[in-house]
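Take a look at the structure set out below.
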Amino acid sequence: MRIDKLTLPASDISKSAAFFRDVLDLPVTGNSIQVGWSEIRLISATEEAPRGVHMAFNVPYDRFGAAVDWLKERTPVQRVPDGRECFVLGGHWQAKSIYFDGRDGSVLELIGRRRLAGLAGDRPFSGADLSCLSEVGLPTEDVASLVAECLRAFGMATLGPASSGFAAIGNDEGLLIAVEPSRSWFPQKRQLPSAQGLEITLAGVDAPGAMSDPKYGWKIRAD
């Protein structure tokens, strides 16, 4: 499953575009940001921009150390109280990740996934090494129902077991992170999840479909 396009409301389109261009070194054309095969399309928030949006970007697993050094030269990163800034995830995740703040109170992540590991290059790390937008967070009152609806609408199962408050739906190339609204985002747990006005277009799923959450204001479709 791939996240082909994300429509993201912003309090200031020009400042958000500049963040993606200057901090993450991504190609920006007007209000469109290209992240590998994914596109983020900025729109003006009709009211207040959503705060607490979570997005993750895949980086090569074998270049994760280079990705960390590159990121830390460009922006502060989030840490837990014991000082850790990088996190090794075993089990069904098989990944390494680091988190940082984005515009409008978003919680962003670079993640290297072992199952997508390839040959490590020796060129300087850059925004061109971000292969895709690989995660988007979706608050929901009923995680189990959202999991069931994604299976029905798109044929997508979870990456590992789901809990009552958290589920990762999809695979290493693209995940919808379903969370209960009271679950703050790891690692600093400063931001509650928000997705008001987000519209996600999927590719590579088993079936076309659409779904939405009127209360939390997000929409998903696959053509």
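The values are calculated or read from the model by the stated rules, or taken from the named source; none is laboratory data. All values derive from a computational prediction rather than experimental measurement. Neighbour counts run over all protein chains shown; Cβ positions are idealised from the backbone, glycine included. Protein only, heavy atoms only, side chains kept; ligands, DNA and RNA dropped before computing areas. Shrake-Rupley method; radii C 1.70, N 1.55, O 1.52, S 1.80 Å.
Using the Cβ-Cβ distance between Ser126 and Thr29 with R0 set to 22 Å, the FRET efficiency from 1/(1 + (r/R0)^6) comes to roughly 0.80. The distance linking segment 138-175 with segment 16-84 is 23 Å (Cα centroid to Cα centroid, whole angstrom). Gain on full extension, evaluated as 0.36 nm per residue between Ala157 and Asp142 minus their Cα-Cα distance, stands at 3.8 nm. With kT/(6 pi eta Rh) evaluated at 10 °C and eta = 1.306 mPa s, and Rh the Kirkwood radius from Cα pairs, segment 29-99 diffuses with a coefficient of 107 µm²/s according to Stokes-Einstein. If you plug the beta carbon distance of Val80 and Ala210 into 1/(1 + (r/R0)^6) with R0 = 45 Å, you get a FRET efficiency near 0.75.
Pairs of lysines in the chain whose Cα atoms sit within less than 24 Å of one another amount to 8, provided the residues are eight or more positions apart or on different chains. Using the empirical formula 2.2 N^0.38 Å as the baseline, the Cα radius of gyration of segment 143-193 reaches a ratio of 1.16. Ranked by the mean number of other Cβ atoms within 10 Å per residue, highest first, peptides 55-62, 6-13, 91-98 order as 55-62, 6-13, 91-98.
Protection proxy ranking of 130-137, 178-185, by the mean of other Cβ atoms within 10 Å over each peptide's residues and highest first, is 130-137, 178-185.
For the pair Asp12 and Arg190 in one chain, pulling the backbone fully straight at 0.36 nm per residue adds 61.9 nm over the alpha carbon distance. The phi torsions of segment 19-25, fed into the Karplus equation with coefficients 6.51, -1.76 and 1.60 and a -60° offset, translate into couplings of 4, 5, 6, 8, 8, 9, 6 Hz, rounded to whole numbers, with Gly and Pro shown as x. Mean separation of Cα pairs under 8 Å and 6 or more residues apart, divided by the residue count, gives the chain a relative contact order of 25 percent.
Label separation (Lys72 vs Val88): 1.6 nm, computed from points 7 Å beyond Cα along the C-beta direction. For the peptides 20-29, 108-117, the ranking by mean Cβ contacts within 10 Å, running from highest to lowest, is 108-117, 20-29. Among the protein heavy atoms of segment 121-210, carbon and sulfur supply 51% of the accessible surface, probe 1.4 Å, non-protein parts ignored. Only helices enter the 222 nm calculation for the chain: every DSSP H run of n ≥ 4 contributes -39,500 (n - 2.57), and dividing by all residues gives -4000 deg cm²/dmol, rounded to 500. Solvent-accessible area per residue in segment 70-223 equals 47 Å², computed with a 1.4 angstrom probe and all protein chains kept.
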